[in-house]
Each structure stands twice: as C-alpha cells, then as structure tokens.
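Asks: First the structure, then my questions, so here it is.
The values are calculated or read from the model by the stated rules, or taken from the named source; none is laboratory data. Nothing here was measured: the structure is a model prediction, and the numbers come from that model. Reconstructed Cβ throughout: ideal geometry from the backbone, glycine too, with neighbour counts over all protein chains shown. The protein model used for the area step is the full one, side chains on, heavy atoms only, and it has no ligands, DNA or RNA in it. Shrake-Rupley method; radii C 1.70, N 1.55, O 1.52, S 1.80 Å.
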Amino acid sequence: MIEVPRLQLSGVCKAFGANVVLDGLDLELAKGESVVVIGASGTGKSVMLKCILGLLRPERGSIRIDGEEVVGLRGAERERVLTKFGMLFQSAALFDSISIWENVAFGLIEGAGMDPEQARAIAIDKLAKVGLGADMAEQDPARLSGGMRKRVGLARAIATEPDIIFFDEPTTGLDPIMGDVINNLIVECVRDLGATTLTITHDMSSARTIADRVAMLYGGQIIWAGRVDEIDSCGNPFVDQFIHGREEGPFELEVT
Amino acid sequence: MNNPLAVVGRFFLNFLAAVGRLAVFAGRSLAATFSPPFYFRLIGQQMLVIGYYSLPVVGLTALFTGAVLALQIFLGSSRFGAESAVPNIVVVGLTRELGPVLAGLMLGGRVGAAIAAELGTMRVTEQIDALITLQTNPFKYLVAPRLVAATLTTPLLVLVADIIGVMGGYLVGIHRLDFNSMVYLKNTYDFLEAIDVESGLVKAAVFGFLIALMGCYHGFHSKGGAQGVGRATTDAVVSSLILILISNYFVTEAFFSQ
C-alpha cells in the first residue's frame, strides 16, 4: 500500500500582478521527513510556506495535507488544518504584549482551549527543551537577543506537538555559533516529536545539519531535489553555483 | 500625456475599490465582534488604554474649551444685551457638539494612531501571520476588542468631557464674568434637555467605532517596514478625523432635522 504523503504540492502557481513567483511548483514530504528548500532571496520560498498555511491563496494547483485538499479552506476548516502545524518565523514573530511563557503557551490556550496553569507548565517544559530556564518565563520578549527570540519561537512552534513544523530562515541574523545551536535544537526537538519539517533557508550549513532531503527553488519551480548527501555531486549547475556561493554560473541575479 | 478623463476615472475606480475593501473589512470585523470566542480580558485592557489613559487629554481639552466658549459667548452676546444666555449656550454647545467632536478629534489622534501603529508593527513583523498559524482569528483577537472598547468608552469619556467643559465655563462665568454661582448652575440645568446629552453620546459611540475601525484597517493593511507603519498611522488619523466630521453632520441631521 502506497503511503499518503504528509504534505503534497502539485502545480502550485502564485503571482503578484505581473510578477510570477510560483510557477507550477511540485513538492512532496513523507511522514517524519525533514526537507530543506534552498534558493536565492526573492525566489518565493516564503510565499510557498504562506500558500501552504493559507495566508496566501494560490491561483492554481493543489496542496494536500495527509491527502486532504486545503486550497480554499476557510474559517473553522482552516483552523482545524492549522492545528497540525507549528511554525518558527524568520523574525520569531513573538507577541510583545505578553510574557515569554504566554507566547509559548499561546497555541495551547487560545488554539486548543487548555487551562492556563496546565499550559504554563507545558510552556516551561518546552522552554527547558530549548535551553531556557523557568526564570525567563515571566520576562518581556522585547528584551531578548536575536538568538533567544529564535529559541522562544522554536519552543512556541513545538508547544502544541504538531505533525508538521515549518522553519523560515531559522539561522538568519544569528552568529555562526548561535546558528549551530539553533540547528541542533531543531534536530533534537523534531526527532523527539517525530514531526515532518519543511525548512527554507539559504544557509547551507543549516541545510546540511537539518535536512534529510534538499530541494532547490528557482524560477518558481523545484529544479532539483535529492538526499542531502547527494547535493555536492548532483551535477546541477544551479545547485552547484548556489552551494558554493559563486558569482559566475547560470543564475540570473538582478544586481542593480 | 494622460487623458484627463482617464485620470479622473482611475481615481474614481481606486476610490470605489478602497471603499469596497473598507466595507469588507468592517463586515468581517462586525461578524467577529458578535460571534464567539469573546476576549473579555482584552476588551477590558483596551477600555483601560482607550478610556482611562485618554482622560487627561480629553479633560484638559474640555476644560479650556468650556472656558473659552463662555468668554466668547459673553463677548459676542453683550453686543445685544444677551449676556445671561452664556450658561445655556455653553451647555448646549458642549453636550451637542464640542464635547463629542473635540473628544473624538483628540481620540482620533491619540487612539487611532496607537492602534494603527501597534497593528501595523504586528503586520510587518509577521505577528498577525503567527496568530493565524496558532489558530487564532486576528479579527476576533485584535480588531473586535478594540472596536468594542472604543465604542463603549468614548461615550463615557464624552460624558466626563461634558461635565468638565461645563465646569470650565462655570469657572470663567463666576470668576471672570461676575455671574452668580447659583444662577449660572440653575440656568445650565434648566436649559439642558435629555436629547442634548443623548445625541452627544450617540455621536461619541459612532466616533469611537470609526476611530478604532480606521486604526485597525490601516494597521492591518500596512506593509513595507517602518515607513509603511508610519504611512498607516498617518492614514488612520487623517481618515478617522475626516469621517468624524462627516458622520457628525449626519448624526446631527438624524437627531435634530425637522
């Protein structure tokens, strides 16, 4: 029996006016798999995530979660599907008006309707998993450094123990050491949960640490996908140029 | 060179599109306001921010408006020997017009800007997207509490502004214009009718709703980082002030047209 993919995108198209960002994108993630999508800035990686989450609606194509079509879902149906997701945003997107533990417990309290005291205990446990002590719980997120914010964002992403977790540029803006800490935390947390993850990044060190499989997005499509250990010998000139950060190559970069 | 008719047509179509977007946003906001879940704690917080923290600015505005009104009416009415009308005109002018309109304008600047800046920052830092991924409807969590709080607290603020404004006129009346204290108060009380206060409170509720709606709308749709948040804040203040003045006319017509 063929296993239904956890996440399946088929022919997804999204344009903003005349600017075609996704042009028939196909991608599949199996259950428990960690896929990293790499690509230059502005190639539509974030747009792809937003289409899957329903924050943007693709003009064409299909997006299936556990075999269920989710394009066009609204209201309660959309919220039901979103219970399967956790997300670490590029800027962490913590809510400044509430404390750190309330940020981590937000999905439990507001989404799942859990009792705040019970949710607080879970939040402190998740903060411990990302290396933050209980003494941080009452603090204001606005006072945290970039690395700390990412950790809290990661704790929030895993708090509801979702089936699928998205990581949007998890190491952007961090120094290499903190980037490595975040990468390892992601690997540990995901392994503990057994979740399927989709990460978008242009940090190859991050991709090599996190990924089971890597896919390259260019021109609105996945132009190469394969196991992470195949990437150095894949023979795709786009991938080769990207992973070695060379200026010369097939990429058409707009340098103004 | 552009055809002038095409320019006018494009402007008109853009205007209609903006009105349509605002109408859809208002509809979604109202639907969120009247359907569960209700965030009573957030409504309470917003009532504190919008109402209590605006008391000083609204009170000061009302105090000096009442005082200036008494002075100007006295100077004007003395030309034809009608100085005794000062308390009557002050109380009617304040409760019907100046109380709600000036409080509305002050709140439009203070509260409208704050709402647009807060929601605009949440939009550009992806906090609104994060709310959605955490299965929380931003219309229910962000917009509805602000609409409810502003609509309920603005009339209370205007009631306080009316009282402080009348007190401003009273202080100038008895200390500067030599009115008898008892006579001033009696004239104020006798001349005031329930509809004067009621119309002002209804205006206040409408203004509060419009201020919160414009703040939320522009904040919600801000884009482009700090500059976008700044533009959203300016648009929220300007549009709410214009809508206050326009709606003031129509509410006045509804209450007092023969």
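Asks: Could you tell me whether any residue of the range B:210-232 is under 21 Å from the mean Cα position of the chain (by Cα), among the small types (Gly, Ala, Ser) and within 28 Å of B:Gly168 (Cα to Cα)?
Replies: For the range B:210-232, residues under 21 Å from the mean Cα position of the chain (by Cα), among the small types (Gly, Ala, Ser) and within 28 Å of B:Gly168 (Cα to Cα): absent.
Asks: Taking B:Met106, is it out of contact with any Cys (no Cβ under 7 Å at 6 or more places or on another chain), open to solvent by 10 Å² or more (accessible area, probe 1.4 Å), within 14 Å of chain A (Cβ to nearest Cβ) and under 21 Å from B:Ile50 (Cβ atoms)?
Replies: Spelling it out, it is not the case that B:Met106 is out of contact with any Cys (no Cβ under 7 Å at 6 or more places or on another chain), open to solvent by 10 Å² or more (accessible area, probe 1.4 Å), within 14 Å of chain A (Cβ to nearest Cβ) and under 21 Å from B:Ile50 (Cβ atoms).
Asks: Can you tell me how many residues within the range A:102-122 are within 14 Å of chain B (Cβ to nearest Cβ) and among the polar types (S, T, N, Q)?
Replies: Here the count works out to 1.
Asks: Looking only at residues in the range A:41-70 that are assigned to a strand (DSSP E or B) and among the basic types (Lys, Arg), which one is surrounded by the fewest Cβ atoms within 10 Å (Cβ to Cβ)?
Replies: The extreme case among them is A:Arg60.
Asks: Do you know which of the residues in the range B:45-81 that are touching a residue at least 40 places away in the same chain (Cβ under 8 Å) and closer than 19 Å to B:Leu213 by Cα is most open to solvent (accessible area, probe 1.4 Å)?
Replies: B:Gln45
Asks: Can you tell me how many residues in the range A:95-128 are under 19 Å from A:Phe85 (Cα atoms) and in a helix (DSSP H, G or I)?
Replies: Of the residues in the range A:95-128, 15 are under 19 Å from A:Phe85 (Cα atoms) and in a helix (DSSP H, G or I).
Asks: Now for a different question. Working carefully through the options B:Gly173, B:Gly169, find the one that is touching a residue at least 24 places away in the same chain (Cβ under 8 Å), touching a Phe, Trp or Tyr at 6+ places or on another chain (Cβ under 6 Å) and either of a type in the set (Phe, Trp, Tyr) or closer than 20 Å to B:Gly93 by Cβ (or both).
Replies: Just a single option satisfies the conditions, and that option is B:Gly173.
Asks: Going by the conditions given, is B:Gly93 without any contact (Cβ under 8 Å) to a residue 40 or more places away in the chain, part of a helix (DSSP H, G or I) and more than 14 Å from chain A (Cβ to nearest Cβ)?
Replies: Yes: the conditions hold for B:Gly93.
Asks: Can you find, within the range B:111-123, the residue that is farthest from the other protein chains (Cβ to nearest Cβ) among those that are more than 21 Å from B:Thr151 (Cβ to Cβ) and open to solvent by less than 30 Å² (accessible area, probe 1.4 Å)?
Replies: Only one residue fits best here, namely B:Gly120.
Asks: For the range B:124-133, give me the residue count where each residue is open to solvent by less than 20 Å² (accessible area, probe 1.4 Å) and either over 29 Å from the mean Cα position of the chain (by Cα) or within 7 Å of chain A (Cβ to nearest Cβ) (or both).
Replies: Selection size over the range B:124-133: 4.
Asks: Of all residues in the range A:101-118, which are touching a residue at least 40 places away in the same chain (Cβ under 8 Å) and open to solvent by less than 60 Å² (accessible area, probe 1.4 Å)?
Replies: Scanning the range A:101-118 gives A:Asn103, A:Val104, A:Ala105, A:Phe106, A:Gly107, A:Leu108, A:Gly111.
Asks: Report whether or not A:Lys84 is within 12 Å of chain B (Cβ to nearest Cβ) and free of Cβ contacts under 8 Å to residues at least 12 places away in the same chain.
Replies: no
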